[in-house]
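The values are calculated or read from the model by the stated rules, or taken from the named source; none is laboratory data. Fair warning: this is a prediction, and the values are worked out from it, not measured in the lab. All Cβ positions, even for glycine, are placed from backbone atoms using ideal geometry, and neighbour counts span all protein chains on display. These area figures cover heavy atoms from the full protein model, side chains too; ligands, DNA and RNA do not enter into them. Shrake-Rupley method; radii C 1.70, N 1.55, O 1.52, S 1.80 Å.
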Amino acid sequence: MRQSGWICLIAIQAGLWCVSGSCLAVDQSQGRALHDEDCLVCHDSSVYTRETRRMQSLQELTARVDMCRQDVGAEWNEGELDAVVSYLNSAFYKFEKAAPAAP
């Protein structure tokens with residue numbers, strides 16, 4: 001296979017990883033802006049730092065953010081949801097991210 005063929009194959013592979021939600025390049029500044037606009041309508045950030053916080057994994061955090069998004073009627077796309085989750089995880093929760101799935 002020619003070099004350009006390999007480059008295309010690698011680009012397609014990388015694109016599939018990003019589509020599957022494994023891409024780590026998420027805009028946390030966008031996540032913070034969406035969070036501040038929509039989430040702080042119901043609560044302040046102390047819910048993330050209290051000793052009795054409910055989230056114990058990244059999956060639980062994602063599910064909770066999606067539920068809250070629906071409750072407030074925020075019309076985020078999947079990338080925006082990922083950005084908010086990434087912001088919250090980075091700023092407050094520090095859950096380990098799952099490794100990308102093998103191709």
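Any idea of Tyr93's accessible area? Nearest 10 Å², probe 1.4 Å. Accessible area, nearest 10 Å²: 20 Å².
Placing a pseudo-label 7 Å from each Cα along the Cα-to-Cβ vector at Phe92 and Asp27 gives an inter-label distance of 2.2 nm.
Note on surface exposure: Glu37, Glu80, Glu60, Glu75 rank Glu75, Glu37, Glu60, Glu80 by accessible area, highest first, 1.4 Å probe.
Residue separation times 0.36 nm, minus the C-alpha to C-alpha distance between Glu75 and Ser45: what's the value?
Numbers: separation 30, 0.36 × 30 = 10.80 nm, distance 2.12 nm.
Here the answer is 8.7 nm.
The candidates Cys68, Cys39, arranged from most to least accessible area with a 1.4 Å probe in the full protein assembly, appear as Cys68, Cys39. Taking a ≥ b ≥ c as the square roots of the eigenvalues of the alpha-carbon gyration tensor, the stretch 34-103 is classed oblate because a/c is 1.5 or more while a/b is no larger than b/c. Sorting Arg53, Arg32 by accessible area puts them as Arg32, Arg53; the probe is 1.4 Å, largest comes first, and only protein heavy atoms count.
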